1. Filter LYS166/LYS190; LYS107/LYS166; LYS107/LYS189; LYS69/LYS107 down to the pairs with a C-alpha to C-alpha distance above 27 Å, please.
2. Where a ≥ b ≥ c are the square roots of the eigenvalues of the C-alpha gyration tensor, would you call the stretch 1-80 rounded, which needs a/c under 1.5, or, failing that, prolate if a/b is larger than b/c, or oblate?
3. Roughly speaking, to the nearest percent, how much of the chain's 1.4 Å accessible area is carbon and sulfur?
4. Could you tally the net charge around GLY41, taking each other residue with its Cβ under 12 Å from the Cβ of GLY41, Lys/Arg +1 and Asp/Glu -1?
5. Note down the magnitude of the dipole of the chain about its Cα centre, charges +1 on Lys and Arg C-beta and -1 on Asp and Glu C-beta and zero elsewhere, to the nearest 20 debye.
6. Suppose we keep just the DSSP beta bridges with both residues in the chain; what percent of those would be antiparallel, to 5?
7. For the charge dipole of the chain, defined by +1 on Lys and Arg C-beta atoms and -1 on Asp and Glu C-beta atoms about the Cα centroid, which residue among PRO10, THR108, THR52 has the Cα displaced farthest towards the positive pole?
8. Each label point is 7 Å from the Cα along the Cα-to-Cβ direction; what then is the distance between the points at SER5 and LEU132, in nm?
Amino acid sequence: MSFHSVVLIPGDGIGPEVSESVVQILHAADAPLEFVTHHAGLGAIERNFDSTLPEETTQAIRECHLALKGPCSTPIGKGFSSVNVALRRELNLYAALRPIRSVPGVKTRYENVDLVIVRENTEGLYSGIENLITPGVVVSMKVATRVACQRISQWTFRYANARRRKKVSVFHKANIMKMSDGLILEEAKKVHQRDYPNIGYQEVIIDAACM
């Protein structure tokens, strides 16, 4: 049996414990995986690396094309920037996939839930561009590019089509942020009309969507 190498980033706090449990489960399931440990975040700092995201860690991920990462702490309001955001930027991990499904036998407020949320991971306020304009006034820049809006739209419709999903709903705030969120609506409509007319399409203001 051939094994696939996986970069294991244990993380910090509860990260190492959680990561080790996942590794034990995968080994018990005879998954053909071998883990190579590298570090990021506080784990990297504690081992005297010069960066919270060492080059050897990102290079190992590029070589393996697969990583299992435990939770990495991000200081609130100060300190080093998010390791998760740094990984997304460095490796161009622009699509975050969040499946939400009802579990048989587990009673919840809503039944028969089957949603998949796709979140653009690299732009918007994740750009992390902030400036102190004058004492007491800070501006955070929300960035949207046509390239990123097009690729997240294409990725989402391709995923929906492959998984035989019925509809793609685009959540937005284009009633207020007419240019930035307007751009994602423009690109999503293009992809839908040109490539995936077989899939339903809906635009929902984020306030209504959350309600």
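1. Working: LYS166/LYS190 18 Å; LYS107/LYS166 25 Å; LYS107/LYS189 37 Å; LYS69/LYS107 30 Å.
As for pairs spanning more than 27 Å Cα to Cα, those are LYS107/LYS189; LYS69/LYS107.
2. On the way: a/c = 2.97, a/b = 1.62, b/c = 1.84.
Oblate.
3. Values: 7810 of 13850 Å².
Solvent-exposed carbon and sulfur of the chain make up 56 percent of the total.
4. Numbers: positive: ARG47, LYS69; negative: ASP12, GLU46.
After counting each charged neighbour, the total is 0.
5. Details: 25 positive and 22 negative charges, 237 e Å.
Using Cβ point charges on Lys, Arg, Asp and Glu, the chain gives about 1140 debye.
6. On the way: 13 of 27 bridges.
Approximately 50 percent, going by the DSSP bridge assignments.
7. Of the listed residues, the answer is THR108.
8. Label at SER5, label at LEU132, 4.4 nm between them.
The values are calculated or read from the model by the stated rules, or taken from the named source; none is laboratory data. Just so you know, these numbers come straight off a predicted model, no measurement behind them. No Cβ is skipped: glycine too gets one built from the backbone with ideal geometry, and neighbour counts run over all protein chains shown. Surface accessibility is based on the protein's heavy atoms, side chains included, excluding ligands, DNA and RNA. Shrake-Rupley method; radii C 1.70, N 1.55, O 1.52, S 1.80 Å.
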